[in-house]
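First comes the structure, then the notes that go with it.
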Amino acid sequence: MKIPTTLKHKPVIISENYENIDGRKAYSTDTKGLSLGLAQWNDRGKLDISAKVWRYTGEKWSRQSEELPMHRVLDLAILICRSTLYFQDAYRFPKLYDPDNTMIDRIGLQGDAMSVSVCSENPMIDDDIKLFSQALSDDGEMIGERLRVLARLLKEMGY
């Protein structure tokens, strides 16, 4: 299925067969493509680029398609990596976290820091963190494959 080019987001680099590799939903997902392009929220004379996840309901392109600024996509990748690293050692805590110190890390970005912590405000955190950890473990091979590809590409880019 071809990603539309007549909408406000203007695709430049695309992956149109994403439904074949969409994690556990591969071959049965409404996420049909990913694109990098000109952001739909561009103001006159100002250009931003963004990443977009294209979803198709079987009849039309979904309003649930998501467009994210590229820095936000990278911030999500950073959050995923730091969370994955955290859960490698979380078994050391009886609840998979320390209720007295829920801060996992502060990652320096743009002269400040991205805080990464366990959401202690979640009233079901003790159960939810176990479910999250199990899902992360269940998807470990799939996530690991993507992290290895990302690591290889970052190395090739000189990072």
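Annotation: Thr5 fulfils all but one of (1) loosely packed, with under 15 Cβ neighbours inside 10 Å; (2) within 27 Å of Asp139 (Cα to Cα); (3) not aliphatic (A, V, I, L, M); the unmet one is (2). For region 94-106, the count of residues that are of a type outside the set (A, V, I, L, M), surrounded by 11 or more Cβ atoms within 10 Å (Cβ to Cβ) and in a helix (DSSP H, G or I) is zero. Of the residues making up region 149-158, at least one is exposed (fewer than 12 other Cβ atoms within 10 Å of the Cβ) and β-branched (Val, Ile, Thr). Filtering Ile21, Ile80 for residues that are free of Cβ contacts under 8 Å to residues at least 40 places away in the same chain and out of contact with any Leu (no Cβ under 6 Å at 6 or more places or on another chain) leaves a single hit, Ile21.
For region 99-120, filtered to residues that are in contact (Cβ under 8 Å) with a residue 12 or more places away in the chain and not hydrophobic (A, V, I, L, M, F, W, C), the residue that is farthest from Leu74 (Cα to Cα) is Pro99. The numbered conditions (1) within 23 Å of Tyr18 (Cα to Cα); (2) surrounded by 13 or more Cβ atoms within 10 Å (Cβ to Cβ); (3) at pLDDT below 95 are all true for Gly58 except (2). Summed over region 59-90, residues that are in a helix (DSSP H, G or I) and either touching a His at 6+ places or on another chain (Cβ under 9 Å) or among the acidic types (Asp, Glu) (or both) total 2. For Asp75, the stated conditions do not hold, so it cannot be described as touching a helix residue (DSSP H, G or I) at 6+ places or on another chain (Cβ under 6 Å) and surrounded by 13 or more Cβ atoms within 10 Å (Cβ to Cβ). Screening region 132-159 for residues that are free of Cβ contacts under 8 Å to residues at least 60 places away in the same chain and not in a helix (DSSP H, G or I) and picking the one that is farthest from Arg24 (Cα to Cα) gives Gly158. Among the numbered conditions (1) over 18 Å from the mean Cα position of the chain (by Cα); (2) at pLDDT below 95, the only one that Asp139 does not meet is (1). Report yes if Pro123 is surrounded by fewer than 13 Cβ atoms within 10 Å (Cβ to Cβ), in contact (Cβ under 8 Å) with a residue 12 or more places away in the chain and not assigned by TED's automatic domain parsing to the domain that holds Thr29, otherwise no. Criteria not met by Pro123.
Taken together, Ser133, Ser50, Ser83 contain a single residue that is surrounded by 12 or more Cβ atoms within 10 Å (Cβ to Cβ), within 27 Å of Val12 (Cβ to Cβ) and of a type in the set (S, T, N, Q), which is Ser50.
The values are calculated or read from the model by the stated rules, or taken from the named source; none is laboratory data. These numbers come from a predicted model, not from an experiment. Every residue, glycine among them, receives a Cβ derived from its backbone with ideal geometry; neighbour counts consider all protein chains shown.
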